[in-house]
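> Handing you this structure, nothing more for now.
Please treat every number below as a calculation from the coordinates, not as lab data. Model, not experiment: these values are computed from the prediction. So basically every Cβ, Gly included, is an ideal-geometry build from the backbone, and we count neighbours across all protein chains shown.
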């Protein structure tokens, strides 16, 4: 489906370019993260020709931004990464007079991200979600029985459970700043700690589980979970819902579920921002405003199953999605969610070094 | 005089090419490796100021290189990469030599067809070929389903994300680079020498061991280098097909550059990698020219 999305986007670009005079727009967004027709609708409405590229890790995006001249007019880093990139002078301030739809955004959520971007001067929330556990109901029940702790990090971080699930496949995101804090959360430590000792304790736990982990990767698990190649994935909420959809479509006997563990989970906000050296600033604003349209946002959420921060859009989102506690968590779950801190160079090196130790044993 | 000018004109383009695309980038990377990490764009501090055309206030240091020595991670990555490249080259040689030998001995018609078959994979992107291998190796892939159907195995084999996957993919990807130089030396081999050797009472094996093999040594060396050098820095294959425990310098470099955003340290890792490859090559070249 990822390939399909890319193909659709490319096809949309190829077909709908009636008025090149309106200029171009280069967007760099996460893979599997937009509705199939969003780009096409924008092109039809404005005549702007869109080039839509995708990435699957904040690190790849950041490397391009820090090198400069990325060629992109609109990029989508997670908030904690954006904070550091703002300090590095990578982004320009938004011209809010060109964004009338910004009134649609949930002020509580925008308030949350103001911690990373004081005054919300640089970015607006695209989608938000959580990093939790996706699992194959049948295969887990087969191996762990009815008492399987599917509502807890213990499902993957407890060595005994992991050993029993190793043969059907465990995958985790290759994202140290998401997995190590989750392990810290399971151990009862503060997941927002930047203390090297805490990283080490979490890494010790992960090192014990690692022999049972099939791979660390941040996009492959969508297909593998759907096909039954892995049976548990620590991954991003919407990706796991997409895996569930694919499994349902394929009718291959795999039922995929997503859960926010009872101990808590990382919640992240992906931000739409304009690089300082963007060539098509005007068009980037037009696209931003287009995306904050209630119907357009709702279409995207209905397709990718990530929560939007758009209040009027809530009316237009499918009931099934609104009711899903994995997407729009109830208040008691929300209280347990944490937002990633901004890691300074030293903390970053420490957490990545522990991550390498987990993965390679060195 | 005109003769000399012509000669300079002939060697100028390759020199300009090397200067532009090797020497200048090399100095850029070297310069970054002496700098310090800083949160800005690009994320490192300049190591000198420009005073008109001249650099002044030089502030670079070797701190990053010392750091590589402090943490055994880097040395182990280099060693593991060298090991992987070494064994892949050996397997390529063992598989490639008989193939090259058969092609060189084939009739001219067959020879062209066989050579074409060797080169054919290069017409598709190596990334696509790796994805094809992933399709074959995966749990529900071609190899496992076939073996399950025949009844040789009852549980799918874990082929992906293993050492086997990485070694076999490197061998399959680089095999043509081994076969082609071997073929070109074997094909030039004078058959009269083999005839003479057999007239003098050597068995076919002795002829091969004492005549063919030593004469094809240049092809062996060239083929091994062509496989070994890119295999050391290989990133794509271990990243896509390797297990999480596979420590290779390409992946370590990626972590430094992308996860730590530490361009200076990543640059020094790259400089050392270059040294690891270039120094043995120069030694080999010297040894060869001394022998000639």
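> Which one of B:187, B:246, B:158 has the biggest mean-square fluctuation once chain B is modelled by GNM with Cα springs under 10 Å?
B:158
> For the protein assembly as shown, give me the percentage of DSSP beta bridges that are antiparallel, rounded to the nearest 5 percent.
Working: 26 of 43 bridges.
Close to 60 percent.
> A further question on this structure: With a ≥ b ≥ c the root eigenvalues of the C-alpha gyration tensor of chain B, is it rounded (a/c under 1.5), prolate (a/b larger than b/c) or oblate? Please report the intermediate quantities before stating the final value.
Details: a/c = 2.28, a/b = 1.28, b/c = 1.78.
Oblate.
> Let me make sure I get this right: for segment B:33-167, a, b and c are the square roots of the gyration tensor eigenvalues over alpha carbons, sorted descending. Under 1.5 in a/c it's rounded, otherwise prolate if a/b > b/c, else oblate. Which is it?
Details: a/c = 2.80, a/b = 1.86, b/c = 1.50.
Here segment B:33-167 falls in the prolate category.
> Take the Cα coordinates of segment B:206-292, assign each an equal point scatterer, and use the Debye formula without solvent to give log10 I(q)/I(0) at q = 0.17 Å⁻¹.
-0.83
> Take peptide B:38-45, look around each residue's Cβ out to 10 angstrom, count Cβ atoms belonging to other protein chains, and average those counts. Provide the component values of the computation, followed by the final result.
On the way: counts 2, 8, 5, 12, 4, 7, 1, 0.
Mean partner-chain Cβ count within 10 Å for B:38-45: 5.
> Cα-based Rg (one decimal) and Dmax (whole number) for segment B:166-235, in Å?
Just the Cα atoms of segment B:166-235 yield Rg and Dmax of 15.3, 51 Å.
> Using a ≥ b ≥ c from the Cα gyration tensor of the protein assembly as shown (square roots of the eigenvalues), is it rounded, prolate or oblate, where a/c under 1.5 gives rounded and otherwise the larger of a/b and b/c decides, a/b for prolate? Walk me through the numbers on the way to the answer.
Numbers: a/c = 1.84, a/b = 1.47, b/c = 1.25.
Because a/c hits 1.5 or more and a/b exceeds b/c, the protein assembly as shown counts as prolate.
> First obtain the Kirkwood hydrodynamic radius of segment B:137-283 from its Cα pairs, then insert it into the Stokes-Einstein equation at 10 °C and 1.306 mPa s, and state the resulting D in µm² per second as a whole number. The partial results should precede the final answer.
Numbers: Rh = 19.1 Å.
Approximately 83 µm²/s, per Stokes-Einstein.
> Additional query: May I ask you to order A:99-108, B:279-288 by the average number of other C-beta atoms within 10 Å around their residues, highest value first?
Numbers: A:99-108: 15.0, B:279-288: 10.9.
Answer by packing, highest mean first, reads A:99-108, B:279-288.
> Pairing the Cα long axis of helix A:2-15 with the longest principal axis of chain A, what angle in degrees results, from 0 to 90 and rounded to the nearest 10?
10
> Let me check against my output: what whole-number percent is the relative contact order of chain B, with C-alpha pairs under 8 Å and at least 6 apart?
26
> Can you give the angle from 0 to 90° between the axis of helix B:2-18 and the longest principal axis of chain B, with both taken from C-alpha atoms, to the nearest 10?
80
> Now for a different question. Cut-off is 10 Å between beta-carbons; in what order do A:257, B:125 appear when sorted fewest neighbours first? Provide the component values of the computation, followed by the final result.
Details: A:257 15, B:125 9.
Least crowded to most crowded, the residues run B:125, A:257.
> Separate question: Just to check, using Stokes-Einstein with a Kirkwood Rh over alpha carbon pairs, what's the diffusion coefficient of segment B:1-108 at 20 °C and 1.002 mPa s in µm²/s? Before the final figure, lay out the partial values.
On the way: Rh = 19.5 Å.
Answer from the Stokes-Einstein relation: 110 µm²/s.
> So what's the convex hull volume per residue for the Cα atoms of segment A:255-362, in Å³? Present the calculation step by step, with values, prior to reporting the outcome.
Numbers: hull volume 20.5 nm³, N = 108.
Residue-normalised Cα hull volume stands at 190 Å³.
> Another one. Where does each of B:63, B:191 land when they are ranked from fewest to most other beta-carbon atoms within 10 angstrom?
On the way: B:63 14, B:191 8.
Arranged by neighbour count, lowest to highest, B:63, B:191 become B:191, B:63.
> Only counting other Cβ atoms within 10 Å, I'd like A:158, B:199, B:71 sorted with the fewest neighbours first. Display every interim value, and only then the final one.
On the way: A:158 17, B:199 8, B:71 12.
Least to most surrounded, the residues fall as B:199, B:71, A:158.
> While we're here: In Å and whole numbers, how far do the C-alpha atoms of segment A:16-132 stretch along each principal axis, longest first?
Extents along the principal axes: 42, 33, 32 Å.
> Calculated from DSSP H runs of 4 or more alone, at -39500 (n - 2.57) each and per residue, what is the 222 nm mean residue ellipticity of the protein assembly as shown, nearest 500?
Calculated from helices alone, the mean residue ellipticity at 222 nm is -17000 deg cm²/dmol.
> Now a separate question. If you line up the long axis of helix A:196-209 against the longest principal axis of chain A, both from Cα atoms, how many degrees apart are they, to the nearest 10?
Roughly 60 degrees between the two axes.
> Work out the mean other chain Cβ neighbour count within 10 Å for the residues of A:351-360 and drop it here as an integer. Display every interim value, and only then the final one.
Numbers: counts 2, 7, 5, 0, 2, 9, 1, 2, 7, 12.
Average per residue, whole number: 5.
> Right, something else. Looking at the P(r) of segment A:321-362, how many percent of alpha-carbon pairs lie beyond 12 Å? Before the final figure, lay out the partial values.
Values: 619 of 861 pairs.
Result for the distance tail: 72 percent.
> Using just the C-alpha positions of segment B:96-158 as equal point scatterers, what log10 of I(q)/I(0) does the Debye formula give at each q in 0.14, 0.25, 0.26, 0.28 1/Å?
The computed values of log10 I(q)/I(0) come out as -0.65, -0.90, -0.93, -1.02.
> Given Cα pairs under 8 Å that are at least 6 residues apart, what percent is the relative contact order of chain A?
Numbers: 675 pairs, mean separation 90.6, N = 362.
For chain A, the relative contact order is 25 percent.
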